[in-house]
Structures are given as structure tokens and as C-alpha cells.
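Structure first, commentary second.
Every number in this text was worked out from the coordinates using simple rules, so none of it is lab data. Predicted, not measured: the structure shown is a model, and the values here were computed from it. Here the Cβ positions follow ideal geometry from the backbone for every residue, glycine too, while neighbour counts run over all protein chains shown.
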Amino acid sequence: MGRPRGGQRERKKEHYYRAAKREGYRSRSAYKLKQIVKKQKLLLGVDRVVELCCSPGGWTQVLKELDSSLQIVAVDLDMMPPLEGVKFIQGDILDEKVIERIESLTGGAVDLVLSDCSPKVTGHWDLDVARQLSLVEGTINIAYRLLGNKGKVLAKVFQGSGFQEFLQSVKKRFNSVKLIKPDASRKTSAEIYLLAIGPRGRNPQESS
């Protein structure tokens, strides 16, 4: 079987894969978060983080590397190898009992919610997009529930059916919404990252 065509994007993918192996990251997606954090000043004013769909822990490693004092609760259906100072919950982020467990471990208030969620790919594009959209909608609901007035949520979204409607719904719930494509993402990939800041309808007395 011949090598798939795609030249530059395949080399780019391999570049980050090799870099992750060399630098000890658990996934190449670690570089996506590093680039977003740097460009968007994502961790400014952040002490408490919830990371959804965290396994194998590449993003979690980056968080601890950039700020070892961060209080992190990480969640995934699959087990994640332990990281010092990180509280882990194994479960479905769409399960109310799991959300209640997150609330219990965080005290019900965080500064940042992260989600690099992807469904188990079926190969049927419309189905995969629908499943991913369900995960990102769940992410936004959790974020809206936990974030203070200046809180942030960063979530991966597939640009497919339902994306524009989803984007408009987020804009109604947050003061600032932007779309981000880090260099470590392949240009041809349908994935994009949504950064929403400042949930609306919050009590002004709440802390950020």
C-alpha cells in the first residue's frame, strides 16, 4: 500500500508526533494547547481548571508544566496515567453524576474549562460530527455551570452540520466568543477551537 498523499500536512503531523515523543508529551495535541495558551494568554488569572476528555494526558502535562500551582480536575471515559497534583474522574462528561462529582471536587467554581473531546470515529462523517457536537454542547453546559463572571472555556469543535447553529447559541451565553486554529492543527482538518469568555446572566457578586 502506497503512502497517502498529503505531503506537507503529513510531514507536519509527523513533526509534532516526533516532537512529542522527544519531549515526553503523551500526545501531539500538547502543542495545540501550548500554542493557544501563548497566543491567547489563556492561563492569565486562572487558578482552577477542569479538563474534559483528558486521556492520555498531553494537555494535562502542559498545564502542570506551565503552572505547577494549578488546581486541576481531569475527566475521561478512559483511564489516564496519574499526574502529580491532578484529581482524576473516570466517567462520561454527559453523565449528571459525573458532573456532580466535578462540582464536589472543585467546590462548584473554576476559572477555565478545557475540552479536546472527540468521539470514537465511525468513519461516517455526519454521525461523527453529531457525536462530537453532543460532547462540545455538554462541555459548554458544564462550563456555564461552573465558571465565574470572567471564566473561560476552550473546546474543540468539528466544522460540520450544526456548527453554525451551535456557534450562535454559544454567542448568546458568553460575552466573547472566538474561533482559533493553532499551527499544530492540520489546515485541512475540520477541527477548530472555540474560546468563550464571560458567561452571561451571572450574579455580579460572583468572583471570576
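Annotation: extensible slack from GLU14 through TRP125 equals 37.6 nm (criterion: 0.36 nm per residue apart, minus Cα-Cα distance).
Taken about its Cα centre, the chain carries a charge dipole of about 1120 debye when Lys and Arg each add +1 at the Cβ and Asp and Glu each add -1 at the Cβ. Summing charges over neighbours of LEU167, with a neighbour being any other residue whose Cβ is under 15 Å away from its Cβ, gives +3 when K and R count +1 and D and E count -1. How many angstrom separate the Cα center of segment 91-119 from the Cα center of segment 138-176? So the two Cα centres are separated by 14 Å. For PHE88, the residues whose modelled amide H falls within less than 5 Å of its own, excluding neighbours fewer than 5 places apart on the same chain, are ALA74. Segment LEU77..PHE166, full-extension length gain: 29.6 nm, with 0.36 nm per residue of separation and the alpha-carbon distance subtracted.
Amide H contacts of GLY148 (H built 1.01 Å from N, in plane; Pro and chain starts excluded): VAL110 sit under 5 Å, all sequence-distant by 5 or more or on other chains. Taking 7 Å steps out from each Cα toward its Cβ at SER68 and LEU44 produces label points 2.5 nm apart. Note on LYS156: lysines with a C-alpha under 18 Å away, same-chain residues under 8 apart excluded, are LYS13, LYS32, LYS34, LYS38, LYS39, LYS41, LYS120, LYS171, LYS178, LYS181, LYS187. Of the candidates LYS150, LYS172, LYS34, which one comes out as most mobile in a Gaussian network treatment of the chain with C-alpha springs shorter than 10 Å? Per the Cα network of the chain with a 10 Å cutoff, LYS172 tops the list.
Summing +1 for each Lys or Arg and -1 for each Asp or Glu among the other residues whose beta-carbon sits under 15 angstrom from that of GLU100 gives 0.
Using a cut-off of 10 Å between beta-carbons, work out the net charge of the residues near ALA143 (Lys and Arg +1, Asp and Glu -1, ALA143 not included). Local charge sum for ALA143: +3.
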